[in-house]
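Please treat every number below as a calculation from the coordinates, not as lab data. What you are looking at is a predicted structure, and each value in this text was computed from that prediction instead of being measured. Counting neighbours? That spans all protein chains shown, and the Cβs are built from the backbone with ideal geometry, glycine included.
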Amino acid sequence: MNDVLIALNYYRPYVSGLTNVARDVAEGLAARGWRVTVVTSQHAPELPLEEMLAGVRVIRTPVALRLGKGIISPSFVSTIRRESANARVVNIHAPMLEAGLVAAASLAPVVMTYHCDVSLPPTLLGGIQNKLLDVSTGAAARRSAFVIVTSDDYADHSRMRAALSLRRKVVPPTCHIRSGGAPVYRDGPGMHVGFLGRIVEEKGVEFLVEGFRALDDPDARLLIAGDFNMVAGGSVIERVRERMQGDTRIKLLGFLPDGALDDFYASLDVFALPSVNPFEAFGIVQVEAMMRGIPVIASDLPGVRQPVLATGMGDIVQPRSAASVTAALKRLAHTRPDVEAGAARARALYAFDATLDKFAAVFEEAVATAPGRPGARA
């Protein structure tokens, strides 16, 4: 019997905010003695169809077709149905094209974790995929015991807000306290600004580059860390390089493994999350910076702005505005917030163990309130 069966399209070694949360919940609960199985796709052909990773049983189903970021795996839903027969609760990580089918097929109570809306390109295929995703999300929400969202702010502004109002539970994404490390990425005495994330359209990295380049400090540095080689849906790295215009103060670090992140954060004076996608919901990386005492500039978007507003650890900037980024960087260069108090507030709100407690409590409540299901873990 599994305590929790987690269902999602992509899982480790793929890296994104959604997959990182699912991995953290799976491995965190496994470390507490929960029996955890993940059913996902074999998104890369070299990955095994089944293995144990950090105490988590991972089952991957073969992929038959790819549609942009979407994948079609014919055995995905049937595998989840089979595994759900021996699970106490199923946790769906959405948006996911199969979410509605998974919820309908599940033989255990369902909790849907909704990360963010999806906005695919305005093509005929993109429009069809958007509609199918929304229909699937709504169907999954109606069949879920609870729907987990990252904040009321985001859920209330989501195009799926009606579905997300059904038995809503607010649980922030899993964030880790990054301590220690050495400032190995620093280069000189100037203000070091950092970005960490996939180099994709919705992150707005080119506006950060433009805003930074307007600073006249020759000692300032911009460190851009993140994958631009293995990104579902494609990267915008060439667009970012064009905006750099050969500015040697800007460094492209590429993908950084978890083991390098402490060093990365230790090298920064300011963290930047210049998202342009109104459907991005939170921004884990900005909270991890805050918990270390690094002020943040974040876009004025539902959900994304909440950590800055809740902690006072930084500035809110207008999306797609390089000038707004420049102004915020200049303010933080001369007037910094109380980083010690802000970091303490961030840790109290978002530290990993407290978040994992909340996920576990929602799962237990879903089991306890489901008719005919056992109410306690063996």
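Okay, here's what the table says:
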{"item": "P(r) tail fraction, the stretch 143-249 - alpha-carbon pairs more than 16 Å apart, %", "result": "71 percent"}
{"item": "Proximal lysine pairs, the chain, alpha carbons under 25 Å, eight or more residues apart or interchain", "result": "8"}
{"item": "In Å, descending, principal axis extents of the Cα set of the stretch 11-114", "result": "37, 28, 24"}
{"item": "The stretch 43-175 - convex hull of alpha carbons, volume per residue in Å³", "result": "128 Å³"}
{"item": "Electrostatic dipole magnitude of the chain [Cβ: Lys, Arg +1; Asp, Glu -1; Cα centre; debye, to 20]", "result": "960 debye"}
{"item": "Positive dipole terminus of the stretch 143-275, leading residue within ILE250, SER165, PHE212 (C-beta point charges)", "result": "SER165"}
{"item": "Test item: Cα-centred dipole of the stretch 233-357, Lys/Arg +1 and Asp/Glu -1 on Cβ, debye", "result": "520 debye"}
{"item": "Residues of the stretch 285-306 with amide N under 17 Å of the 7 Å Cα→Cβ point at ASP247", "result": "297-298"}
{"item": "Relative contact order for the chain, counting Cα pairs under 8 Å that sit 6 or more residues apart, in percent", "result": "14 percent"}
{"item": "P(r) of the stretch 84-134 over all Cα-Cα pairs, binned every 5 Å from zero, in whole percent", "result": "5, 21, 24, 19, 13, 9, 6, 3, 0"}
{"item": "Per-bin percent of Cα-Cα distances, the chain [20 Å]", "result": "29, 57, 14, 0"}
{"item": "Debye, to nearest 20: dipole size of the stretch 63-176, +1 on Lys, Arg Cβ, -1 on Asp, Glu Cβ", "result": "280 debye"}
{"item": "Packing rank of 251-259, 343-351, where each peptide gets the mean count of other beta carbons within 10 Å, highest leading", "result": "343-351, 251-259"}
{"item": "Virtual paramagnetic centre 7 Å along Cα→Cβ of ARG336, amide N under 16 Å, in the stretch 287-311", "result": "289-297"}
{"item": "Paired Rg and Dmax values of the stretch 271-338, which use every Cα atom, in angstrom", "result": "10.8, 32"}
{"item": "Chain lengthening between ARG186 and VAL170 when straightened (0.36 nm per residue, less Cα-Cα)", "result": "2.0 nm"}
